[in-house]
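One structure is given here, and the rest of the page talks about it.
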Amino acid sequence: MTSTLAVERGLAPAAVVLRAVLAHGPLARDALAELTGISPAGVSRHCAGLAGLGLLTARPAAQPPDRRAGRPRTEVDIAADRHAVFGVHIAHHFATLAALDLRGRVLASERVPHPGGEPERILAGTAARLREFRRRHQRGRTAAGLGVASGGWVDPDTGVLVEHSSLGWYDVPAGPILAELSGLPTRVDGHARALASAEAMFGAARGCGSLAHLFVGNVVDAAIVSGGRLCRGPGSAAGTVAHLPLGAPGTRCSCGRSGCFEADAAEWAVTARAGRESIVEVVEAAGSGDPVALDVLLGRARTTGRAAALLFDVVNPEVLVVAEPGIASLPACLDAVRAEVSARSRGRVDAASRVLPTSFPGGDLLGVAAGAVQLDALYTDPHAFLG
Ligand SMILES: [Zn+2]
């Protein structure tokens, strides 16, 4: 089966081959030709080119026990140990630094607290920590660029964080600043879109032509992939679900209205409601049977479920992935989202199979988001990226 995602995106043949190996490898070249619809000669040529860039590697295939004659078969696989992609995720109180291999696996990550203040000062401090992080974790790999992700409204064409309300950042050129300070080719995107492409490349939505992704943290964002492409719209403003009227009607929002999704479901609001210091504490307490913590997280899951039902009705994605720590670790919270989708979606969605928790739970989520910004570029146009 050809990858729907690759075909619908109109990718160059080399990228189709590379994505097929990522999704289904290791693979023999004849299997790759069948999978991609590219001629065997074409597949061999692209594999050689991609091997030359250090992106693919060939190795002897495991031989079936009764196979005695013929040439030994080789399979191609992603050369996961040659390059490292670096990531910087910018959040409310801290930045996350990460190094990823080409399969999106986090090799190392580190959290850098920032006390607030001028964005330029925070970015300069983060870049200094990144230099030190690279010295410790690059370990002979070639640096294949820097991905930067954050919540809120991010414009990847200009690298500008247009609006991050909880940080109070408006029109901050984070991409150009970090590119100059790090010396690395740098790309920036919203973390909801980055996580949607990570799910499509390395996660549960591998091979899906359409998916929706909901990120519920201190900011609340959606990302939509349709026809294999991320929906961005003018200024990359698509996916702004923070102020949809899905929350409790009396909850005041920073936008001046009340009842907004983000005001109701933001991490700070949930943590305060549960009387805890952090969302990690809330999830741990709920997991240990604390009824207040569990009730707060179930409420957040139901609000998230209302947003998910709406996305199913409007966009009808094959799958919808939710990144929220309660839903990622407590079955009752996942059930609550699915129940809300089943009850509210008009499209008779089979929520059990189509609503999925994030493939990157725990501490890796933010680092994966940041690295995926750069990895998506690499897997979209490998020759332009490294050639
Ligand atoms: Zn609002």
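The values are calculated or read from the model by the stated rules, or taken from the named source; none is laboratory data. Just so we're clear, the structure is a prediction, and the values are computed from it rather than from any experiment. Every residue, glycine among them, receives a Cβ derived from its backbone with ideal geometry; neighbour counts consider all protein chains shown.
Observations on the structure shown:
- Criterion (under 14 Å from the mean Cα position of the chain (by Cα), on the phi < 0 side of the Ramachandran plot and not β-branched (Val, Ile, Thr)) met by exactly one of Pro331, Pro361, Pro382, Pro325: Pro361
- Here Gly10 meets each of (1) at pLDDT 90 or above; (2) in a loop (DSSP other than H, G, I, E, B) with one exception, condition (1).
- Selection status of Ala272, over 19 Å from Pro357 (Cβ atoms), part of a helix (DSSP H, G or I) and either out of contact with any Lys or Arg (no Cβ under 7 Å at 6 or more places or on another chain) or among the hydrophobic types (A, V, I, L, M, F, W, C) (or both): yes
- Residue in segment 276-299 that is touching a Gly at 6+ places or on another chain (Cβ under 7 Å), under 25 Å from Leu366 (Cβ atoms) and not in a helix (DSSP H, G or I) present: no
- Candidates in segment 219-235 are the residues that are in contact with a Gly (Cβ under 7 Å, 6 or more places away or on another chain) and assigned to a loop (DSSP other than H, G, I, E, B); of these, the one that is nearest to the ligand (Cβ to nearest atom) is Val219.
- Filtered by the rule that a residue be of a type in the set (A, V, I, L, M) and not in a helix (DSSP H, G or I), segment 39-64 gives Leu53, Leu55, Leu56, Ala58, Ala61, Ala62.
- Test result for Ser359, assigned to a helix (DSSP H, G or I) and among the hydroxyl-bearing types (Ser, Thr, Tyr): no
- Of all residues making up segment 236-284, the number that are of a type outside the set (A, V, I, L, M), more than 11 Å from the ligand (Cβ to nearest atom) and buried (at least 17 other Cβ atoms within 10 Å of the Cβ): 6
- Among the residues of segment 302-333, those identified as among the acidic types (Asp, Glu) and surrounded by fewer than 18 Cβ atoms within 10 Å (Cβ to Cβ) are Asp313, Glu318.
- Meets criteria (part of a loop (DSSP other than H, G, I, E, B) and free of Cβ contacts under 8 Å to residues at least 60 places away in the same chain) for Arg338: no
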